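Trainee: Got a structure here, written out as C-alpha coordinates. Questions coming.
The values are calculated or read from the model by the stated rules, or taken from the named source; none is laboratory data. Since we're looking at a predicted model, the values are computed, not measured. Every residue, glycine among them, receives a Cβ derived from its backbone with ideal geometry; neighbour counts consider all protein chains shown. The area values use the complete protein model at the heavy-atom level, side chains included, leaving out ligands, DNA and RNA. Shrake-Rupley method; radii C 1.70, N 1.55, O 1.52, S 1.80 Å.
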Amino acid sequence: MPNLEHPAYPAATLLRLESLVPCRESQVSMLLSIFGERQQFTFPSIFIYGHTSSGKTYVMQTLLNTLQLPHVFVNCVEYFTSRLLLEEILIQLQNCSSETKHASHVLCDTFNDFVRMFKQAVTSQDLQDQTLYIVLDRAEQLREMEANILPAFLRLQELTDRNVTVVLLSEIVWELFRPSTGCFEPFTLYFPDYSIGHLQKILSHNHPPEYSADFYAAYINILLGVFYMVCRDLKELQHLAALNFSKYCEPVVRGEANERDTRKLWKNIEPHLKKAMQTVYLREISSSQWERLQRDDGEPGQLKGLSAHAHVELPYYSKFLLIAAYLASYNPVRTDKRFFLKHHGKIKKTNFMKKHEKTSNHLLGPKPFPLDRLLAILYSIVDNRVAPTANIFSQITSLVTLQLLSLVGHNDQLDGPRYKCTVSLDFIRAIARPQQGSIDTF
(Lines give C-alpha, C1' and ligand atoms only; values in the text may rest on other atoms or scores of the structure.)
Protein backbone atom coordinates (compact mmCIF):
# COMPACT_ATOMS: atom_id res chain seq x y z
CA MET A 1 0.00 0.00 0.00
CA PRO A 2 1.50 3.37 -1.00
CA ASN A 3 2.43 5.79 1.78
CA LEU A 4 1.73 8.93 -0.27
CA GLU A 5 -1.88 9.78 -1.06
CA HIS A 6 -3.37 13.04 -2.29
CA PRO A 7 -6.57 13.61 -4.30
CA ALA A 8 -5.02 16.36 -6.44
CA TYR A 9 -2.32 14.17 -8.00
CA PRO A 10 -2.46 10.86 -9.91
CA ALA A 11 -1.62 7.72 -7.95
CA ALA A 12 1.07 6.74 -10.48
CA THR A 13 2.84 10.09 -10.01
CA LEU A 14 2.77 9.73 -6.23
CA LEU A 15 4.06 6.17 -6.48
CA ARG A 16 6.98 7.33 -8.62
CA LEU A 17 7.66 10.17 -6.18
CA GLU A 18 7.72 7.70 -3.29
CA SER A 19 10.31 5.56 -5.08
CA LEU A 20 12.54 8.62 -5.63
CA VAL A 21 12.57 9.78 -1.98
CA PRO A 22 13.16 6.67 0.16
CA CYS A 23 13.02 7.10 3.93
CA ARG A 24 11.48 10.57 3.61
CA GLU A 25 7.86 9.55 3.12
CA SER A 26 6.59 11.25 6.29
CA GLN A 27 8.21 14.59 5.37
CA VAL A 28 6.89 14.43 1.79
CA SER A 29 3.43 13.53 3.05
CA MET A 30 3.50 16.55 5.36
CA LEU A 31 4.60 18.83 2.50
CA LEU A 32 1.81 17.50 0.27
CA SER A 33 -0.70 18.26 3.00
CA ILE A 34 0.68 21.79 3.35
CA PHE A 35 0.77 22.45 -0.39
CA GLY A 36 -2.80 21.31 -1.01
CA GLU A 37 -4.13 21.58 -4.54
CA ARG A 38 -2.49 23.72 -7.21
CA GLN A 39 -4.92 26.62 -7.04
CA GLN A 40 -5.20 26.73 -3.25
CA PHE A 41 -3.36 29.27 -1.13
CA THR A 42 -0.91 27.64 1.27
CA PHE A 43 1.41 28.91 4.00
CA PRO A 44 3.15 32.17 3.04
CA SER A 45 6.51 30.76 4.16
CA ILE A 46 7.90 27.37 5.18
CA PHE A 47 11.16 26.85 7.05
CA ILE A 48 12.79 23.42 6.56
CA TYR A 49 15.87 22.67 8.63
CA GLY A 50 18.15 19.73 9.39
CA HIS A 51 21.77 18.70 9.35
CA THR A 52 23.76 18.47 6.14
CA SER A 53 22.92 15.51 3.88
CA SER A 54 19.52 15.00 5.46
CA GLY A 55 17.76 15.26 2.09
CA LYS A 56 16.25 18.76 2.30
CA THR A 57 17.40 20.05 -1.10
CA TYR A 58 16.93 16.75 -2.90
CA VAL A 59 13.43 16.18 -1.54
CA MET A 60 12.25 19.68 -2.47
CA GLN A 61 13.70 19.50 -5.98
CA THR A 62 12.28 16.02 -6.57
CA LEU A 63 8.87 16.93 -5.17
CA LEU A 64 8.48 20.10 -7.25
CA ASN A 65 9.81 18.54 -10.45
CA THR A 66 7.83 15.30 -10.19
CA LEU A 67 4.54 17.07 -9.51
CA GLN A 68 5.43 19.73 -12.12
CA LEU A 69 4.72 22.61 -9.78
CA PRO A 70 5.90 26.08 -10.89
CA HIS A 71 8.90 27.00 -8.81
CA VAL A 72 12.11 28.99 -8.55
CA PHE A 73 15.14 27.36 -6.91
CA VAL A 74 18.03 29.61 -5.84
CA ASN A 75 21.16 28.88 -3.82
CA CYS A 76 21.91 31.81 -1.50
CA VAL A 77 25.62 30.99 -1.42
CA GLU A 78 25.90 31.38 -5.17
CA TYR A 79 23.81 34.58 -5.20
CA PHE A 80 25.30 36.15 -2.11
CA THR A 81 23.94 39.72 -2.33
CA SER A 82 20.34 40.87 -2.20
CA ARG A 83 20.52 42.31 -5.72
CA LEU A 84 21.91 39.11 -7.25
CA LEU A 85 19.33 37.04 -5.36
CA LEU A 86 16.32 39.13 -6.40
CA GLU A 87 17.45 39.34 -10.03
CA GLU A 88 17.99 35.58 -10.24
CA ILE A 89 14.49 34.92 -8.91
CA LEU A 90 13.00 37.20 -11.57
CA ILE A 91 15.09 35.61 -14.34
CA GLN A 92 14.02 32.09 -13.37
CA LEU A 93 10.43 33.27 -13.09
CA GLN A 94 10.54 34.44 -16.70
CA ASN A 95 11.77 30.96 -17.69
CA CYS A 96 8.79 29.22 -16.06
CA SER A 97 6.85 29.61 -19.31
CA SER A 98 7.61 27.17 -22.10
CA GLU A 99 7.46 29.96 -24.65
CA THR A 100 10.33 31.89 -23.03
CA LYS A 101 13.53 29.89 -23.02
CA HIS A 102 16.10 32.63 -22.54
CA ALA A 103 15.07 35.53 -20.34
CA SER A 104 16.72 38.89 -20.69
CA HIS A 105 18.72 40.30 -17.82
CA VAL A 106 16.73 42.33 -15.31
CA LEU A 107 17.84 45.10 -12.99
CA CYS A 108 16.42 45.09 -9.48
CA ASP A 109 18.01 47.35 -6.87
CA THR A 110 15.44 47.31 -4.05
CA PHE A 111 12.79 45.00 -2.68
CA ASN A 112 10.11 47.47 -3.74
CA ASP A 113 11.28 47.06 -7.34
CA PHE A 114 11.26 43.29 -6.84
CA VAL A 115 7.65 43.28 -5.65
CA ARG A 116 6.53 45.38 -8.62
CA MET A 117 8.43 43.29 -11.19
CA PHE A 118 7.37 40.04 -9.49
CA LYS A 119 3.67 40.92 -9.86
CA GLN A 120 4.20 41.76 -13.53
CA ALA A 121 6.07 38.48 -14.17
CA VAL A 122 3.41 36.35 -12.46
CA THR A 123 0.70 38.02 -14.56
CA SER A 124 2.62 37.63 -17.83
CA GLN A 125 3.39 33.95 -17.18
CA ASP A 126 -0.24 33.06 -16.37
CA LEU A 127 0.62 31.84 -12.88
CA GLN A 128 -2.24 33.57 -11.03
CA ASP A 129 -4.31 30.38 -10.78
CA GLN A 130 -1.69 28.16 -9.12
CA THR A 131 0.80 28.39 -6.30
CA LEU A 132 4.31 29.53 -7.17
CA TYR A 133 7.09 28.22 -4.92
CA ILE A 134 10.31 30.17 -4.31
CA VAL A 135 12.89 27.87 -2.70
CA LEU A 136 15.93 29.54 -1.10
CA ASP A 137 18.61 26.94 -0.39
CA ARG A 138 21.31 27.67 2.22
CA ALA A 139 18.98 30.33 3.58
CA GLU A 140 21.25 31.11 6.54
CA GLN A 141 23.08 33.45 4.16
CA LEU A 142 20.06 35.76 4.26
CA ARG A 143 21.18 36.87 7.72
CA GLU A 144 24.24 38.49 6.10
CA MET A 145 22.09 40.62 3.77
CA GLU A 146 20.09 43.76 4.48
CA ALA A 147 17.83 43.61 7.54
CA ASN A 148 14.63 43.88 5.49
CA ILE A 149 15.29 40.93 3.14
CA LEU A 150 14.34 38.04 5.44
CA PRO A 151 11.14 39.63 6.88
CA ALA A 152 10.07 40.68 3.38
CA PHE A 153 10.47 37.16 1.98
CA LEU A 154 8.46 35.75 4.88
CA ARG A 155 5.58 38.12 3.97
CA LEU A 156 5.96 38.01 0.18
CA GLN A 157 2.48 36.56 -0.28
CA GLU A 158 1.00 39.56 1.56
CA LEU A 159 3.21 42.14 -0.14
CA THR A 160 2.50 40.92 -3.68
CA ASP A 161 -1.10 39.75 -3.15
CA ARG A 162 -0.22 36.68 -5.21
CA ASN A 163 -0.41 32.94 -4.56
CA VAL A 164 3.25 32.45 -3.69
CA THR A 165 5.03 30.41 -1.00
CA VAL A 166 8.63 31.00 0.05
CA VAL A 167 10.48 27.87 1.25
CA LEU A 168 13.68 28.36 3.24
CA LEU A 169 16.15 25.46 3.49
CA SER A 170 18.77 25.72 6.22
CA GLU A 171 21.08 23.71 8.46
CA ILE A 172 20.40 25.86 11.53
CA VAL A 173 17.28 26.27 13.66
CA TRP A 174 14.73 29.05 13.24
CA GLU A 175 15.65 30.62 16.58
CA LEU A 176 18.96 31.73 15.07
CA PHE A 177 17.09 33.40 12.20
CA ARG A 178 14.43 35.31 14.09
CA PRO A 179 15.22 39.08 14.05
CA SER A 180 15.23 40.90 17.35
CA THR A 181 12.51 43.23 16.04
CA GLY A 182 10.22 40.30 15.28
CA CYS A 183 8.84 38.99 11.98
CA PHE A 184 6.18 36.78 10.46
CA GLU A 185 6.66 33.23 11.81
CA PRO A 186 6.95 30.55 9.10
CA PHE A 187 5.75 26.98 9.31
CA THR A 188 8.76 24.92 10.46
CA LEU A 189 9.52 21.37 9.37
CA TYR A 190 12.42 19.29 10.67
CA PHE A 191 14.33 16.72 8.61
CA PRO A 192 16.02 14.30 11.04
CA ASP A 193 19.30 12.57 10.30
CA TYR A 194 19.17 9.27 8.46
CA SER A 195 19.40 6.24 10.73
CA ILE A 196 21.73 3.37 9.90
CA GLY A 197 18.75 1.45 8.53
CA HIS A 198 17.83 4.37 6.28
CA LEU A 199 21.42 4.67 5.03
CA GLN A 200 21.49 0.92 4.34
CA LYS A 201 18.30 1.17 2.28
CA ILE A 202 19.36 4.29 0.35
CA LEU A 203 22.89 3.11 -0.43
CA SER A 204 21.66 -0.34 -1.49
CA HIS A 205 19.03 1.16 -3.79
CA ASN A 206 21.32 1.75 -6.80
CA HIS A 207 23.36 -1.42 -6.99
CA PRO A 208 25.44 -2.27 -10.10
CA PRO A 209 23.38 -4.34 -12.56
CA GLU A 210 26.12 -6.98 -12.97
CA TYR A 211 25.84 -7.98 -9.30
CA SER A 212 22.86 -9.11 -7.27
CA ALA A 213 21.08 -6.80 -4.86
CA ASP A 214 21.92 -9.08 -1.89
CA PHE A 215 25.63 -8.99 -2.75
CA TYR A 216 25.71 -5.19 -2.87
CA ALA A 217 23.58 -4.93 0.28
CA ALA A 218 26.13 -7.11 2.11
CA TYR A 219 28.90 -4.76 0.94
CA ILE A 220 26.98 -1.71 2.17
CA ASN A 221 26.43 -3.43 5.51
CA ILE A 222 30.21 -3.92 5.86
CA LEU A 223 30.87 -0.33 4.80
CA LEU A 224 28.45 1.09 7.35
CA GLY A 225 29.83 -1.16 10.06
CA VAL A 226 33.23 0.48 9.56
CA PHE A 227 32.31 4.11 8.84
CA TYR A 228 28.99 4.77 10.58
CA MET A 229 30.53 5.80 13.91
CA VAL A 230 32.76 8.43 12.27
CA CYS A 231 30.72 9.48 9.22
CA ARG A 232 26.95 9.74 8.75
CA ASP A 233 27.06 12.07 5.77
CA LEU A 234 25.12 10.39 2.97
CA LYS A 235 27.14 12.04 0.19
CA GLU A 236 30.44 11.01 1.75
CA LEU A 237 29.21 7.43 2.27
CA GLN A 238 28.07 7.26 -1.36
CA HIS A 239 31.52 8.41 -2.43
CA LEU A 240 33.21 5.79 -0.23
CA ALA A 241 30.86 3.05 -1.46
CA ALA A 242 31.63 3.81 -5.12
CA LEU A 243 35.36 4.14 -4.42
CA ASN A 244 35.90 0.82 -2.64
CA PHE A 245 33.40 -1.49 -4.34
CA SER A 246 35.83 -2.64 -7.03
CA LYS A 247 38.25 -3.83 -4.34
CA TYR A 248 35.44 -5.73 -2.61
CA CYS A 249 34.64 -7.54 -5.86
CA GLU A 250 38.21 -8.64 -6.61
CA PRO A 251 37.94 -12.17 -5.11
CA VAL A 252 34.73 -12.76 -7.08
CA VAL A 253 36.28 -11.47 -10.31
CA ARG A 254 39.37 -13.66 -9.86
CA GLY A 255 37.22 -16.68 -9.08
CA GLU A 256 38.64 -17.10 -5.57
CA ALA A 257 35.26 -16.66 -3.88
CA ASN A 258 31.57 -16.50 -4.68
CA GLU A 259 29.12 -13.76 -3.75
CA ARG A 260 28.08 -15.55 -0.55
CA ASP A 261 31.59 -16.10 0.79
CA THR A 262 31.46 -13.11 3.13
CA ARG A 263 34.52 -14.14 5.16
CA LYS A 264 36.91 -14.00 2.21
CA LEU A 265 35.31 -10.82 0.91
CA TRP A 266 35.67 -9.14 4.30
CA LYS A 267 39.27 -10.29 4.70
CA ASN A 268 40.12 -8.79 1.32
CA ILE A 269 38.43 -5.40 1.86
CA GLU A 270 39.24 -4.84 5.56
CA PRO A 271 42.76 -3.32 5.18
CA HIS A 272 41.60 -1.03 2.39
CA LEU A 273 38.67 0.28 4.42
CA LYS A 274 41.07 1.01 7.27
CA LYS A 275 43.19 3.06 4.87
CA ALA A 276 40.08 4.90 3.67
CA MET A 277 39.27 5.77 7.30
CA GLN A 278 42.29 8.07 7.27
CA THR A 279 40.86 10.19 4.43
CA VAL A 280 37.18 10.52 5.37
CA TYR A 281 35.94 14.02 4.35
CA LEU A 282 39.47 15.15 3.42
CA ARG A 283 39.58 14.34 -0.32
CA GLU A 284 43.36 14.24 0.06
CA ILE A 285 43.77 12.43 -3.24
CA SER A 286 41.58 12.01 -6.30
CA SER A 287 39.52 8.90 -6.94
CA SER A 288 41.89 7.76 -9.69
CA GLN A 289 44.90 8.15 -7.38
CA TRP A 290 43.14 6.18 -4.66
CA GLU A 291 42.29 3.35 -7.08
CA ARG A 292 45.87 3.27 -8.33
CA LEU A 293 47.11 3.19 -4.74
CA GLN A 294 44.84 0.22 -3.98
CA ARG A 295 46.11 -1.68 -7.01
CA ASP A 296 49.70 -1.07 -5.91
CA ASP A 297 48.91 -1.98 -2.27
CA GLY A 298 50.48 1.27 -1.13
CA GLU A 299 49.87 3.44 1.88
CA PRO A 300 47.83 6.67 1.79
CA GLY A 301 50.82 8.44 3.24
CA GLN A 302 52.72 7.82 0.00
CA LEU A 303 50.53 10.44 -1.65
CA LYS A 304 50.73 13.45 0.58
CA GLY A 305 47.45 15.28 0.59
CA LEU A 306 45.95 18.41 1.94
CA SER A 307 45.96 17.14 5.50
CA ALA A 308 49.74 17.34 5.45
CA HIS A 309 49.62 20.62 3.45
CA ALA A 310 52.40 19.30 1.24
CA HIS A 311 50.89 20.95 -1.83
CA VAL A 312 50.51 24.38 -0.22
CA GLU A 313 52.93 26.90 -1.68
CA LEU A 314 53.70 29.80 0.62
CA PRO A 315 55.78 32.97 0.14
CA TYR A 316 59.28 33.07 1.61
CA TYR A 317 58.49 34.99 4.78
CA SER A 318 55.16 33.21 5.28
CA LYS A 319 57.05 29.95 5.74
CA PHE A 320 59.23 31.47 8.44
CA LEU A 321 56.21 33.12 10.06
CA LEU A 322 54.47 29.75 10.25
CA ILE A 323 57.59 28.07 11.65
CA ALA A 324 57.88 30.85 14.24
CA ALA A 325 54.20 30.45 15.10
CA TYR A 326 54.63 26.71 15.60
CA LEU A 327 57.61 27.28 17.88
CA ALA A 328 55.67 29.88 19.85
CA SER A 329 52.64 27.59 20.22
CA TYR A 330 54.50 24.50 21.41
CA ASN A 331 57.41 25.98 23.39
CA PRO A 332 56.96 27.67 26.78
CA VAL A 333 57.81 31.36 26.98
CA ARG A 334 60.58 30.66 29.49
CA THR A 335 62.52 28.65 26.86
CA ASP A 336 62.70 31.47 24.29
CA LYS A 337 65.89 32.87 25.78
CA ARG A 338 67.57 29.47 25.73
CA PHE A 339 66.51 28.62 22.15
CA PHE A 340 66.77 31.93 20.31
CA LEU A 341 69.62 33.87 21.95
CA LYS A 342 73.23 33.04 21.11
CA HIS A 343 74.62 34.24 24.46
CA HIS A 344 71.87 33.47 26.89
CA GLY A 345 74.12 32.59 29.80
CA LYS A 346 73.60 29.72 32.18
CA ILE A 347 70.00 28.75 32.88
CA LYS A 348 69.28 26.99 36.14
CA LYS A 349 66.99 23.99 35.75
CA THR A 350 64.60 24.07 38.67
CA ASN A 351 62.59 21.12 39.88
CA PHE A 352 59.49 22.80 38.48
CA MET A 353 60.92 22.81 34.96
CA LYS A 354 62.14 19.24 35.18
CA LYS A 355 58.76 18.03 36.38
CA HIS A 356 56.73 19.69 33.65
CA GLU A 357 59.13 19.14 30.75
CA LYS A 358 58.46 15.40 31.03
CA THR A 359 55.02 16.04 29.48
CA SER A 360 55.17 16.59 25.72
CA ASN A 361 53.73 19.92 24.68
CA HIS A 362 52.30 18.23 21.57
CA LEU A 363 49.95 16.26 23.81
CA LEU A 364 48.73 19.47 25.43
CA GLY A 365 47.95 21.16 22.11
CA PRO A 366 48.98 24.57 20.76
CA LYS A 367 49.03 27.54 23.13
CA PRO A 368 48.11 31.11 22.14
CA PHE A 369 50.88 33.67 21.81
CA PRO A 370 51.01 37.45 21.27
CA LEU A 371 52.10 39.11 18.05
CA ASP A 372 55.24 40.54 19.65
CA ARG A 373 56.54 37.09 20.53
CA LEU A 374 55.87 35.81 17.01
CA LEU A 375 57.89 38.64 15.46
CA ALA A 376 60.72 38.21 17.99
CA ILE A 377 61.09 34.53 17.09
CA LEU A 378 60.87 35.40 13.38
CA TYR A 379 63.75 37.89 13.69
CA SER A 380 65.91 35.27 15.42
CA ILE A 381 65.40 32.42 12.91
CA VAL A 382 65.77 34.45 9.70
CA ASP A 383 69.39 35.02 8.72
CA ASN A 384 68.98 38.45 7.17
CA ARG A 385 67.42 41.45 8.85
CA VAL A 386 63.63 41.62 8.59
CA ALA A 387 61.87 44.96 8.88
CA PRO A 388 58.34 44.94 10.39
CA THR A 389 56.69 46.24 7.23
CA ALA A 390 53.10 46.08 6.07
CA ASN A 391 54.07 43.11 3.90
CA ILE A 392 54.88 41.03 6.99
CA PHE A 393 51.61 41.90 8.70
CA SER A 394 49.59 41.19 5.55
CA GLN A 395 51.18 37.74 5.33
CA ILE A 396 50.11 37.05 8.91
CA THR A 397 46.56 37.97 7.91
CA SER A 398 46.81 35.65 4.91
CA LEU A 399 47.90 32.76 7.14
CA VAL A 400 44.82 33.36 9.30
CA THR A 401 42.62 33.40 6.19
CA LEU A 402 44.14 30.08 5.07
CA GLN A 403 43.38 28.71 8.56
CA LEU A 404 47.03 27.88 9.13
CA LEU A 405 46.88 30.31 12.06
CA SER A 406 43.86 31.09 14.16
CA LEU A 407 43.12 34.42 15.78
CA VAL A 408 42.36 34.00 19.47
CA GLY A 409 40.12 36.56 21.14
CA HIS A 410 38.84 39.78 19.60
CA ASN A 411 40.51 42.35 17.38
CA ASP A 412 39.74 45.16 19.82
CA GLN A 413 41.83 43.76 22.67
CA LEU A 414 44.06 46.41 24.22
CA ASP A 415 47.04 44.08 24.65
CA GLY A 416 47.18 43.26 20.94
CA PRO A 417 46.07 40.20 18.96
CA ARG A 418 46.92 36.67 20.01
CA TYR A 419 47.33 33.75 17.61
CA LYS A 420 47.52 29.98 17.70
CA CYS A 421 49.23 27.66 15.20
CA THR A 422 46.83 25.08 13.75
CA VAL A 423 49.16 22.98 11.57
CA SER A 424 50.92 19.74 12.45
CA LEU A 425 54.57 18.93 12.87
CA ASP A 426 54.55 17.10 9.51
CA PHE A 427 53.57 20.30 7.76
CA ILE A 428 56.32 22.28 9.50
CA ARG A 429 58.86 19.64 8.46
CA ALA A 430 57.55 19.82 4.88
CA ILE A 431 58.01 23.58 4.52
CA ALA A 432 61.28 23.60 6.52
CA ARG A 433 63.21 21.39 4.12
CA PRO A 434 66.65 22.79 3.20
CA GLN A 435 65.58 23.85 -0.29
CA GLN A 436 62.68 25.82 1.16
CA GLY A 437 64.36 27.40 4.15
CA SER A 438 66.04 25.27 6.77
CA ILE A 439 65.46 25.48 10.50
CA ASP A 440 68.48 23.31 11.26
CA THR A 441 70.39 26.25 12.69
CA PHE A 442 68.37 26.22 15.84
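Trainee: Give the peptides 148-159, 192-203 in descending order of average Cβ contacts within 10 Å, highest first.
Mentor: So the order, starting with the most tightly packed, is 148-159, 192-203.
Trainee: Hey, what did the range 47-117 get for relative contact order, percent, Cα under 8 Å, at least 6 apart?
Mentor: It comes to 22 percent, rounded to a whole number.
Trainee: Let me ask another. Asn65 to Leu364: FRET efficiency via 1/(1 + (r/R0)^6), r the Cβ-Cβ distance, R0 56 Å, to the nearest 0.05?
Mentor: 0.55
Trainee: Continuing with the same structure: How far, in nm, would the chain grow between Ser180 and Val253 when pulled straight, counting 0.36 nm per residue and subtracting the alpha carbon separation?
Mentor: 20.0 nm
Trainee: Another question about this same structure. Which value, in Å² and to the nearest 10, is the accessible area of Arg138 when all protein chains are kept and the probe is 1.4 Å?
Mentor: 90
Trainee: Here is a further query. Considering amide H positions built from the backbone, and no H for Pro or chain starts, which residues 5 or more places from Glu146, or on another chain, come under 5 Å of its amide H?
Mentor: Ser82
Trainee: Once R0 is set to 56 Å, what does the formula 1/(1 + (r/R0)^6) return for the Cβ-Cβ distance between Asp129 and Ser394, expressed as a FRET efficiency to the nearest 0.05?
Mentor: Result of the calculation: an efficiency of 0.45.
Trainee: Can you give the accessible area of Tyr419 in Å² (nearest 10), computed on protein heavy atoms with a 1.4 Å probe?
Mentor: 30
Trainee: Let me ask something else about it. Compute the length gained on full extension between Gln39 and Phe339: take 0.36 nm times their separation in residues and subtract their Cα-Cα distance, giving the result in nm to one decimal.
Mentor: In short, 100.3 nm is gained.
Trainee: FRET efficiency for Leu107 and Ala12, Cβ-Cβ distance as r, R0 = 51 Å, nearest 0.05?
Mentor: 0.70
Trainee: Calculate the dipole size of the range 4-89 relative to its Cα centre from +1 charges on Lys and Arg beta carbons and -1 charges on Asp and Glu beta carbons; express the result in debye to the nearest 20.
Mentor: Charge dipole, the range 4-89, about its Cα centre: 40 debye, nearest 20.
Trainee: Solvent-accessible area of Met117, probe 1.4 Å, all protein chains present, reported in Å² to the nearest ten, please.
Mentor: Answer for Met117: close to 40 Å² accessible.
Trainee: How much length, in nm to one decimal, is gained on full extension between Phe187 and Val382, taken as 0.36 nm per residue of separation minus their Cα-Cα distance?
Mentor: 64.2 nm
Trainee: Residue by residue through the range 117-122, what is 3J(HN,Hα) from phi via Karplus (6.51 cos²θ - 1.76 cosθ + 1.60, θ = phi - 60°)? Round to whole Hz and write x for glycine and proline.
Mentor: Going residue by residue, I get 5, 5, 5, 5, 5, 5 Hz, with x marking Gly and Pro.
Trainee: Additional query: In nm, to one decimal, how far is the Gln403 label point from the Gln92 one, both placed 7 Å along Cα→Cβ?
Mentor: 2.7
Trainee: A further question on this structure: Find how many whole Å separate the alpha carbon centroid of the range 42-121 from the alpha carbon centroid of the range 139-153.
Mentor: 15
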